[in-house]
């Protein structure tokens, strides 16, 4: 008999694949597949399950005045899901031009958008996060780049003090967020069979950020 955990992961994978296909058709987008990103310290592009994305977006508690940014947006799956929420703006940032072009096509083609979408082809550490309030990162790069990104975000908070929330999927370099005295962890999702989550997720905010 197949071990229960193994069966759970196999079932989760099957459900996620079926759900992903349904959502891609429903939204009119094409974000599936994986791709190497030939840039220093960059991780390969891979997709994250649609139903897991929605769990994370709900935990970020998006509000009407939020500017949401997906750091390392790839082909724009998370961008498109976030754009279904009635928020101020959704931004996708990626270093790979081809992935940005795919994200732009998907954002233009998607059905049910309720927020303005902008795709930016730029290294994440060079983007201006001045107005961003909700952040999503799916382990898009190594520790060196993440350290620079966090420093850029921190400088934006000095220039424009505000409350932010940050979801870090597959938090391989989570120690860097723990070292940041301007962030506190407010929740965690743990990967486990049957849950639909194949990766851990940690949630962070600025002190007094108001997320329960």
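The values are calculated or read from the model by the stated rules, or taken from the named source; none is laboratory data. All of these numbers come straight from a predicted model, not from anything done at the bench. Please note: Cβ atoms are built from the backbone with ideal geometry, for glycine as well, and neighbour counts cover all protein chains shown.
Side notes on the structure shown:
- Beta carbons closer than 9 Å, at least 6 apart along the sequence or on distinct chains, pair a first residue in region 12-40 that is at positive phi with a second that is part of a helix (DSSP H, G or I) and surrounded by fewer than 15 Cβ atoms within 10 Å (Cβ to Cβ) for 28/109.
- Unique match (being over 18 Å from the mean Cα position of the chain (by Cα), outside any loop (DSSP other than H, G, I, E, B) and surrounded by 14 or more Cβ atoms within 10 Å (Cβ to Cβ)) among 144, 156: 156
- Selection status of residue 90, part of a strand (DSSP E or B), touching a helix residue (DSSP H, G or I) at 6+ places or on another chain (Cβ under 7 Å) and either modelled with pLDDT under 95 or under 22 Å from residue 26 (Cα atoms) (or both): yes
- Residue 198 in a loop (DSSP other than H, G, I, E, B), modelled with pLDDT of 95 or more, out of contact with any strand residue (DSSP E or B) (no Cβ under 9 Å at 6 or more places or on another chain) and within 22 Å of residue 81 (Cβ to Cβ): no
Table: residues versus (1) surrounded by 14 or more Cβ atoms within 10 Å (Cβ to Cβ); (2) under 22 Å from residue 127 (Cα atoms).
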{"position": "22", "(1), (2)": "no, no"}
{"position": "30", "(1), (2)": "yes, no"}
{"position": "38", "(1), (2)": "no, yes"}
{"position": "47", "(1), (2)": "yes, no"}
{"position": "54", "(1), (2)": "yes, no"}
{"position": "59", "(1), (2)": "yes, no"}
{"position": "72", "(1), (2)": "yes, yes"}
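- On inspection, residue 149 does not qualify as out of contact with any helix residue (DSSP H, G or I) (no Cβ under 6 Å at 6 or more places or on another chain), under 25 Å from residue 34 (Cα atoms) and at pLDDT 95 or above.
- Test: residue in region 28-39 that is in contact with a strand residue (DSSP E or B) (Cβ under 8 Å, 6 or more places away or on another chain) and part of a strand (DSSP E or B): yes
- Criterion: surrounded by 15 or more Cβ atoms within 10 Å (Cβ to Cβ), more than 16 Å from the chain's Cα centre (by Cα) and under 19 Å from residue 44 (Cβ atoms) - qualifying residue of 102, 113: 102
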